[in-house]
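> One structure is given below, represented as structure tokens, and several questions about it will come after.
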Amino acid sequence: MVSEALISAPLNQVPPSEILGPDSERASGVIEAERVTKIFSHPDGSEVTALKNVSLKVGAGEFVSLIGPSGCGKSTLLRLVAGLERATEGSLRLDGKLIERPDAERGLVFQNPYLFPWLNIHNNVAFGLRARSVYKLNKELVAQYLDLVGLAKFGRVYPHHLSGGMAQRASLARALINQPRVLLLDEPLGALDAFTRMNMQDEILRIRSEKRITMIMVTHDVDEAVYLSDRTVVMTPGPGRVETIIDIPFARPRARNTPDFLRLRSKILEILHFAGHFEEPPYQI
Amino acid sequence: MTAENADLAAEGPVLNKAILGGLKALSGVKAILALALCLTLEITLPPSGVQPPVDRQYFLYFLILCAAVFLLWPALFFKKPSLRQAMKGKDDFYAAVFIFLTVLNLLTDKFAVLPVIFFPSPDRVLSVLVEDFTYLIVVCLGSSAKLLLTGFFSGALAGLVTGIAIGFSKPAAYWLNPLIKILGPIPPTAWIPIVLVAFPTTWSGACFLIALSVWFPTSVMTSSGILNVQNAYFEVSSTLGAKRLYQIFLVGIPAAMPLIFTGLFSGACASFLTLMTAEMVGVKNGIGWYINWQREMLSYANVYAGLIIIAISFYSLITLFFKVRDRVLVWQKGMIKW
Ligand SMILES: Nc1ncnc2c1ncn2[C@@H]1O[C@H](COP(=O)(O)OP(=O)(O)OP(=O)(O)O)[C@@H](O)[C@H]1O
Ligand SMILES: [Mg+2]
């Protein structure tokens, strides 16, 4: 389904292996959300419908962004996929298997890195291996993944010595070392400055093309969504649902300022009812 | 300005620097001066004769020992920076200590201004420390240590168990919380009348009281430490594949460690208090019992000797405690130092 969209796209120069690499021939990492409704009950008896009838299918190795105003249920959808919440109605599946609880096959990275402060970076990254009792067999993986995120020299350092960007890369490595089929990212770059953020975006793309993991990322940044994803899911609140899904058929590496890029960007902004505000030339101060 | 003048002008500061440098090299000048004063007065002034005499001049020996340490310190530990550091910047402090000893010696031994019964001379206190050393350390301190450590570790263990249970299990919290809220604030020593008759031996009763005084703060701090762990840490660990038990021991407890140590510290302080009270009231040995016994016999030199031993041992225990804590909590930033 994804590759079809890519082939039909005018600007497509992406070989199919960009998305479906040799590793993912086993077609793993497919997420299906079917008519998912999530209702939160508050202690005072009131109820909030965070998601209503949301259906979404994410293909193996696909990169999907979730975008939308605050409170439209993006985090809730991600937490449902992670297994941290149970759907009130509907079902979520990974490769056909019902998602019932958190599992190492579905990694999650929050906006705050939440590194365990009592473990040094090496042991933070090794956490998943130890938790699954496979550390002894895979010790050398820790160094590999630290290297993957550019923290090879920081294994013995404690988290409070790291900058925000470094901490976020460490938490990325910690999630990736479990070799999850799906990586869920909840505004992972939201707290970073513009330069670190753009570097991290490239880093995520590099890791993605190396590891071929399905990724779902929540973001508030339309540029980020257009730059990174194969598809962008635009959500609207009250109750949270999927408004549209936009294909982003550009080859990677992408330039951030081609006319096509800007056209898609303003299209998404339009859907979010922000277009008017952004119609001035983007480089005007 | 002529060349000669310039030479002279330069000489002044150079000389000053040399003197200053020399003074600095002689580490502990003030302390050594105070010590010299103390020694001189001890040697030159005759004792008042009111204080009971001692076999040997222990205070004099002590001062000579101090002098040896202070004078030889720089030479002896020239190569060990850690030991050199131990004296650095403590000059004023040691000077004050020797001034205090001088005044004390004058008020007690030399002029007997203070009541002799309650204020023995340093000579007498030191003589008790030296002559009763084996009895004080092996018998009294040994017995106290056994009681304290048994009580402390069983109380700490019980506190950790109940604290963790309350932190992680709803039913445990339901049943244990009221127990802790009602029993906890009662000072352990208030139980003495009951415990002394209810337990088979006073020793086991005292042990229970010490354990109780450690149990309460440890339990409260452990449970609140665990309950205050950000849920995100548990969520992250579960998405990394950690099961419940693994989360309890490798996320909840490490995250609660700073508060657990606070609890253990309050527990340690409470246990010292309980130990002393228990020994003075019921237990028939230990350093607290010794002090009380000597007080009844009006041997205040022995009372002070006992107090000095208590001070040194509790100080050592607390120092050891903080060493362990600093080891365990290296990961914390801006840790409060002891
Ligand atoms: N644990 C919860 N208990 C009660 N209500 C919740 C809970 N989590 C989310 N909600 C509600 O569900 C709705 C969607 O929340 P969610 O966090 O998914 O939004 P979001 O799209 O991630 O917003 P943001 O962009 O601000 O992060 C909100 O109205 C929120 O108040
Ligand atoms: Mg959110």
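All of the numbers you see were taken from the coordinates with simple rules; none came from a lab. This is a predicted model, so every value here is computed, not measured. Every residue, glycine as well, gets a Cβ built from its backbone with ideal geometry; the counts of neighbours run over all protein chains shown.
> Would you tally the net charge around B:Val50, using a Cβ to Cβ cut-off of less than 12 Å, leaving B:Val50 out, and scoring K and R as +1, D and E as -1?
Working: positive: B:Lys110, B:Arg124; negative: B:Asp109.
Net charge around B:Val50: +1.
> Between the stretch B:128-195 and the stretch A:117-181, what is the C-alpha centre distance in whole Å?
After rounding, the separation between the Cα centres reads 40 Å.
> Once the Cα atoms of chain B are picked out, what are the Rg and Dmax in Å?
For chain B, the Cα radius of gyration and maximum Cα-Cα distance read 27.5, 96 Å.
> Report, in debye and to the nearest 20, how large the dipole of chain B comes out about its Cα centre when Lys and Arg carry +1 and Asp and Glu carry -1 on their Cβ. Provide the component values of the computation, followed by the final result.
Values: 23 positive and 15 negative charges, 241 e Å.
That gives chain B a dipole magnitude of about 1160 debye.
> Further question on the same structure: Once the principal axes of the Cα atoms of the stretch A:109-245 are found, what is the range along each, listed largest first in whole angstroms?
Dimensions of the stretch A:109-245 along the principal axes of its Cα atoms: 46, 29, 28 Å.
> Considering all alpha-carbon pairs of the protein assembly as shown, what whole percent are spaced by more than 43 angstrom?
Numbers: 94928 of 193753 pairs.
The answer is 49 percent, as a whole percent.
> Which lysines, on any chain, are close to B:Lys284 with Cα under 17 Å apart, when same-chain ones fewer than 8 places away are left out?
B:Lys146
> Find the all-direction average of the projected area of the Cα convex hull for chain A, expressing the result in square nanometres with one decimal place. Provide the component values of the computation, followed by the final result.
Details: hull surface 65.9 nm².
If you wrap the Cα atoms of chain A in a convex hull and average its projections, you get 16.5 nm².
> Listing A:Met166, B:Met257 from the residue with the fewest other Cβ atoms within 10 Å to the one with the most, what is the order? Could the numbers behind the result be given before it?
Values: A:Met166 20, B:Met257 17.
Placing the least packed residue first, the sequence is B:Met257, A:Met166.
> Further question: Can you list the aspartates and glutamates whose alpha carbon sits under 16 Å from that of B:Lys30, skipping same-chain ones fewer than 8 residues off?
In chain and number order, the partners are B:Asp91, B:Asp92.
> What is the magnitude of the charge dipole of the protein assembly as shown about its Cα centre, with +1 placed on the Cβ of each Lys and Arg, -1 on the Cβ of each Asp and Glu, and no other charges, expressed in debye to the nearest 20? Spell out each step's value before the answer.
On the way: 57 positive and 48 negative charges, 244 e Å.
So the dipole magnitude of the protein assembly as shown works out to roughly 1180 debye.
> Could you work out the mean count of beta carbons from other protein chains within 10 Å of each residue's beta carbon in B:240-250?
Values: counts 18, 16, 7, 2, 0, 0, 5, 1, 0, 0, 6.
Across the residues of B:240-250, the mean count of other-chain Cβ atoms within 10 Å is 5.
> Now a separate question. Of the trypsin sites (Lys or Arg not before Pro) in the stretch A:124-197, which ones lie in a loop per DSSP and count no more than 11 other C-beta atoms within 10 Å?
A:Arg156
> Okay, moving on. Which of the residue pairs A:Lys57/B:Lys170; B:Lys80/B:Lys323; B:Lys88/B:Lys110; B:Lys17/B:Lys323; A:Lys153/B:Lys80 have a Cα-Cα distance greater than 28 Å in the structure shown? Provide the component values of the computation, followed by the final result.
On the way: A:Lys57/B:Lys170 38 Å; B:Lys80/B:Lys323 20 Å; B:Lys88/B:Lys110 33 Å; B:Lys17/B:Lys323 40 Å; A:Lys153/B:Lys80 32 Å.
From A:Lys57/B:Lys170; B:Lys80/B:Lys323; B:Lys88/B:Lys110; B:Lys17/B:Lys323; A:Lys153/B:Lys80, over 28 Å: A:Lys57/B:Lys170; B:Lys88/B:Lys110; B:Lys17/B:Lys323; A:Lys153/B:Lys80.
> I need the phi-derived Karplus couplings for the stretch B:158-170: 6.51 cos²θ - 1.76 cosθ + 1.60, θ = phi - 60°, integer Hz, Gly and Pro marked x.
Working through the residues one at a time gives 4, x, 5, 5, 5, x, 5, 4, 5, x, 10, 10, 4 Hz.
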